[in-house]
Amino acid sequence: MLVNLSGKSALVTGSTQGIGAAIAAGLAGAGARVAVNGRSADSVAAAIERLREQCPEAEFVAAPGDIATEDGARQVRDALPHADILVNNLGIFGAQPALEISDDDWRRYFEVNVLAAIRMTRAYLPGMKENGWGRVQYIASDSAVVIPAEMIHYGVSKTALLAVARGFAKDAAGTGVTVNSVIAGPTHTGGVEDFVYELVDKDLPWDEAQREFMRTHRPQSLLQRLIEPEEIAHMVVYLASSFASATTGGALRVDGGYVDSILP
């Protein structure tokens, strides 16, 4: 399957590292012009330098700005006035005992993980509908369906994203724009390595720590390993392509079989 996104512009939020950077590389490799987003101009510039090593022929646009704020979102919109493909990847996570999650923590997770994505959808979806083509995606998580006891605020925010995606898919009905969410399973990123070591013995070598984490905290994974960011990116690139023109309003799983249900 050869995906050709030449002539399309894409914005990937939170794309200076981890899953976001892998998605940016995947879309660029398929020919899209990709806007890279992070909170600071320096982090974005460094990310683009790394991405150009992977995709030397690709075109990248610097789009710094903290989209968890209205001013930051406007800054990003100024850098990329129109997007054919919007991937709402920005998200934060962390372990915290359920009864110790404060009101401020709940608000922060909603602002960053949910409202930022809604804000960017409001910015770019109207142009997509007017043009008769577009792709909006939300990077959700297995935690949206299987709420983890150690970070229910994160899980609830990702559950909300599933509803947001379904709602905006209905808003875009019949316009040629598809809107979907991607349920990512436990994925190997730098941030997840830190998270793993919060839950297992910090003296364990990484391979052993990963196995212990999966055995004790994610035992229902059928893959029995952490997913690589590029594996999430493959689904995103497919959904951005013409091959996925009849897929909208869906929650597609790249979870290694973690969620023990038939749907989604």
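The values are calculated or read from the model by the stated rules, or taken from the named source; none is laboratory data. Everything quoted here is computed from the prediction, not taken from an experiment. Virtual Cβ from ideal backbone geometry, glycine too; neighbours counted across all protein chains shown. Calculation scope for accessible area: heavy atoms of the full protein, side chains included, ligands and nucleic acids excluded. Shrake-Rupley method; radii C 1.70, N 1.55, O 1.52, S 1.80 Å.
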Picked from segment 251-264 (must be of a type outside the set (K, R) and surrounded by 18 or more Cβ atoms within 10 Å (Cβ to Cβ)), the residue nearest to V146 (Cα to Cα) is V259
What's the total number of residues in segment 200-216 that are surrounded by 11 or more Cβ atoms within 10 Å (Cβ to Cβ) and over 29 Å from A24 (Cβ atoms)? 6
Do any residues in segment 54-77 that are at positive phi have Cβ atoms under 8 Å from those of residues that are acidic (D, E) and assigned to a helix (DSSP H, G or I), where the two are at least six apart or on different chains, and which pairs are they? G65/D71
Residue check: is A163 over 22 Å from G94 (Cβ atoms) and either more than 18 Å from the chain's Cα centre (by Cα) or without any contact (Cβ under 8 Å) to a residue 60 or more places away in the chain (or both)? yes
Quick one: is M214 modelled with pLDDT of 95 or more, of a type in the set (A, V, I, L, M) and either more than 18 Å from the chain's Cα centre (by Cα) or part of a helix (DSSP H, G or I) (or both)? no
Which of the residues belonging to segment 222-233 are of a type outside the set (D, E, K, R) and either out of contact with any helix residue (DSSP H, G or I) (no Cβ under 7 Å at 6 or more places or on another chain) or crowded, with 21+ Cβ neighbours inside 10 Å (or both)? L222, L223, L226, I227, P229, I232, A233
Could you check how many residues of segment 174-199 are open to solvent by 60 Å² or more (accessible area, probe 1.4 Å), touching a residue at least 60 places away in the same chain (Cβ under 8 Å) and not in a helix (DSSP H, G or I)? 0
